[in-house]
Amino acid sequence: IGSNEIEGLFFSPSINAKLELNRKNHLRLGASRTFTLPQDKEISPFIYQGIDGNDNGNPDLEVSTNYNFDLKWDWYLSGNEIVTINGFYKYIVDPIARVDQGNSAGLRTFDNVSDKAVAAGVELELRKQVLSLASNKHKFSLGLNGSYIYTNVKLDPQFFVQNTSSQLEGAAPYIANADITHNLAANNFKMTNTLVFNYLSDKVHTIGSRGYNNLIEESIATLDFVSLININKHLGLNVKAKNLLNPDYKLTREGAAETNIPAAVIRSYKKGMMFDLGISYRF
């Protein structure tokens, strides 16, 4: 019942500069101000029933303001090969996060948990052809992407008894992605096979308050395989095998190290493996 409005003038300036040191080396600098508006379930005053529990919206949420800075170096090894190193820093005013309400119903809500928060990190990306066989009919390429992200938010000790500071909700400190791709081209026959690996380290799901420790989404690693085949100008096949490692998706409550209390598992499930076979015909 009723409605809610987000009012204000949201001015988002940005500046981007590029310096070409030479044909293969470029530097990029970026600065901007952006805004994070509350999602519908975060600001609506009703209980949202999710797979991880129940969230209660907060109609008093304020819009977050983000000041973003990036410095990036691109090294072009060739037309389709590149090495990139990117450093970034974010200063966040009125950060929004999911927090424990600390009640018997187990409800969680969303709040502007502090006046400010910071996020900083570095990202490395590599894309390179590593092998070529049979007069370039078979080509193998490698892609790597890795990030380290430091986040910190200072919390009000009046409500966050167990935590006076925390990582930002949803920000995994370590992220890694890798793929190996095989391309085969022979007349009208073309095939691309790709093996993709992804890793996310532990990240905060909910910031604990009123004596509750944080809820943590535990680290996860996934492996997928995709094959796209053009047999001729008309007939094509695609094969997908996803989630081959079939890991456990776990949500845990942090334990207390000083009393040797272990983490408690809140939920745990597997998604299962998925296999797809598709056939296409182009007229």
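The values are calculated or read from the model by the stated rules, or taken from the named source; none is laboratory data. Since this is a predicted model, take the numbers as computed values, not measurements. Cβ atoms come from the backbone with ideal geometry, glycine included; neighbour counts cover every protein chain shown. Calculation scope for accessible area: heavy atoms of the full protein, side chains included, ligands and nucleic acids excluded. Shrake-Rupley method; radii C 1.70, N 1.55, O 1.52, S 1.80 Å.
Model label sites at Ser132 and Ile279, defined 7 Å from Cα along the beta-carbon direction, differ in position by 3.6 nm. The Cα atoms of the chain define a convex hull whose projected area, averaged across directions, is 21.3 nm². Charging the Cβ of each Asp and Glu at -1 and of each Lys and Arg at +1, and nothing else, the dipole of region 107-196 about its Cα centre rounds to 600 debye. Quick one: check the C-alpha center-to-center distance for region 176-243 versus region 31-105, whole angstrom. One Cα centre to the other: 23 Å. Among DSSP beta bridges whose residues both lie in region 41-125, state the antiparallel percentage, nearest 5. Beta bridges within region 41-125, antiparallel portion: roughly 95 percent. For region 5-112, the solvent-accessible area works out to 61 Å² per residue, with a probe of 1.4 Å and every protein chain left in place. Helix-only arithmetic for the chain: the sum of -39500 (n - 2.57) across DSSP H runs with n ≥ 4, divided by the residue total, places the mean residue ellipticity at 222 nm at 0 deg cm²/dmol. Taking region 76-105 and a reference point 7 angstrom along Cα→Cβ of Lys154, the backbone N atoms nearer than 19 Å belong to 90-97. Loop-resident trypsin sites (Lys or Arg not before Pro) (DSSP state other than H, G, I, E or B) in region 12-113 with no more than 13 further Cβ atoms inside 10 Å of their Cβ: Arg23, Lys24.
Rg and Dmax of region 18-61, based on Cα coordinates, read 21.0, 57 Å. What a 1.4 Å probe finds exposed on the chain is 56% carbon and sulfur by accessible area, rounded to a whole percent. Loop exposure criterion: GluC sites (Glu not before Pro), DSSP state outside H, G, I, E and B, at most 16 other Cβ atoms within 10 Å. Applied to the chain, the longest stretch between such sites is 63-283. In the structure shown, do any of Lys190/Lys242; Lys203/Lys271; Lys18/Lys137 have a Cα-Cα gap over 30 Å, and if so which? Beyond 30 Å: Lys18/Lys137. Toward the positive end of the charge dipole of region 181-283, with +1 on the Cβ of Lys and Arg and -1 on the Cβ of Asp and Glu, the farthest Cα among Tyr212, Ile266, Val226 is that of Val226.
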